[in-house]
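What follows is a set of notes on a single structure, which appears directly below.
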Amino acid sequence: MDQETAEPESKLARSEISAAISGLGWRFILGTAQTHVRVGSLAQAASVTGHVIDAAGADADESLRVDIRRDHVILTLQSLRSGWVNRREVELAGRISAAVRELGLATDPDIRGDGASSAGGDGGDGVRSAQILEIAIDAMDIAAIRPFWRAVLGYGDEPGKSGPEDALVDPAWESPAIWFQQMDGPRPQRNRIHFDVSVPHDEAQHRIRAALAAGGTLLSDAEAPAFWVLADAEGNEACITTWQGRDPA
């Protein structure tokens, strides 16, 4: 349920991007390539970041975002011009992973907090996969409400997407993106805002099973593997989404 739209002919397909970066410890999520590097201190995180930026070279400012934490570094690749993962970002993923290996470390799609014992957890054991959170707002007139949300959140346009119905993003990349889903008619008894949790394609089933085991309900898998609609015990909805099922046949 993301708002990814077509770009020029040179745009890589989602399947191409995922196949190219998955073996490097990266995952393709919602127009970005993301990975983590486990470190032992904030000082080591800063050192790793410097090494990664050196490896990225002149392309760093155009394609790389880095979030430094005490126990891990989050690395995100996305073209600032196109809002997509192009061949340059795929090549950068390889260079960065090689640079991280030189330090005796690894690029890993999972975040492991202190005390984590295994990969692929649901977050309760200190482990979760890479992910991106979006908030979706159902609307009858998207162009009419979009300026309000842009102003009240201090948000801006996505790279290359500034239309009256396009998604909005935090310019500091700290908070969830907002996108708007067109309604066919008023639905006063249905939630008008829901969460989209975009995860790696190989994490989706685990996340769904965990949500169902925690009391959730699967409302629809009609659009799987692009997205599954789930709800909590009171009917509040969330979607688990992946890149799969979105490329043209």
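Per-structure values
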| read-out | value |
| --- | --- |
| Per-region count, the stretch 21-59, residues aliphatic (A, V, I, L, M), within 20 Å of Ser79 (Cα to Cα) and either assigned by TED's automatic domain parsing to the domain that holds Ala177 or at pLDDT 95 or above (or both) | 8 |
| Meets criteria (touching a residue at least 60 places away in the same chain (Cβ under 8 Å), in contact with a Leu (Cβ under 7 Å, 6 or more places away or on another chain) and hydrophobic (A, V, I, L, M, F, W, C)) for Val85 | yes |
| Residues that are among the aliphatic types (A, V, I, L, M) and in contact with a Phe, Trp or Tyr (Cβ under 9 Å, 6 or more places away or on another chain), drawn from the stretch 68-83 | Leu75, Leu77 |
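The values are calculated or read from the model by the stated rules, or taken from the named source; none is laboratory data. Computed from a predicted model, the values in this text were never measured in an experiment. Here the Cβ is made from the backbone with ideal geometry for all residues, glycine too, and neighbour counts use every protein chain on show.
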